[in-house]
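Comments concern the structure below.
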Amino acid sequence: RRQRQMCIRDRGCAICHNNLGSLEYLELGIGADRENAAQYFITAAEKGNAAAMNNLAVCYEEGVGVSRNFREATAYYEQAVRGGIMSAFPALGYADIINGDLHHALDAFHASLECGNDKAVEGIAMLSALPTENSPVAPVESESKNVSIELMKMEIDQYATLSMKLYDLSLIHISEPT
């Protein structure tokens, strides 16, 4: 199994690497190890997979398979957002807070609201509660929530389809004699 995974890791497609990383991260399958997930995500991210960039950012936040590093997490969240993973905006905002960049965090939270993600409201509320002289907090516009709901629905549908395909592939792999 490990030999086959190494072969896939070396030459497989970015979506496959991301999916294999997800299986390792979630510890699904025989011999799955969460610490191996980051290597699959790195390979997929190097191939331009935005979902893998988001997943790799999580690994850097948690220190799973890589050293904990919030600056790296922030960089990968930014790449994920640029690649169309709008659900990465709130995580980007929180990583920016940890890195001390409150203005950038606020920008990320507002962008998240514009994409219809309500998780950003909590981040904006937290920033508005901070005692600062030059508070970066602007009022939340409730009208911006409906801007990209369709985009988020498409993203969710895409992941559901990929998950189903991955499950089908895992069943084929399990049934193959070794």
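Yes or no, residue by residue, for (1) surrounded by fewer than 18 Cβ atoms within 10 Å (Cβ to Cβ); (2) at pLDDT below 95; (3) over 30 Å from A125 (Cα atoms):
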residue	(1), (2), (3)
D33	yes, yes, yes
A37	no, yes, yes
L56	no, no, no
Y76	no, no, no
G93	no, yes, no
G100	yes, yes, no
S112	no, yes, no
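Listed residues G63, G83; which is farther than 23 Å from L106 by Cα and without any contact (Cβ under 8 Å) to a residue 40 or more places away in the chain?
Only one candidate qualifies: G63.
Which one is farthest from Y76 (Cα to Cα), of the residues in region 12-60 that are touching a Lys or Arg at 6+ places or on another chain (Cβ under 7 Å) and of a type in the set (D, E)?
E27
Can you tell me which condition A108 does not meet? The list is (1) under 30 Å from I15 (Cα atoms); (2) modelled with pLDDT under 90, and all the others hold.
Of everything listed in (1) under 30 Å from I15 (Cα atoms); (2) modelled with pLDDT under 90, A108 misses just condition (2).
The values are calculated or read from the model by the stated rules, or taken from the named source; none is laboratory data. Source: prediction; values computed, not measured. Every residue, glycine as well, gets a Cβ built from its backbone with ideal geometry; the counts of neighbours run over all protein chains shown.
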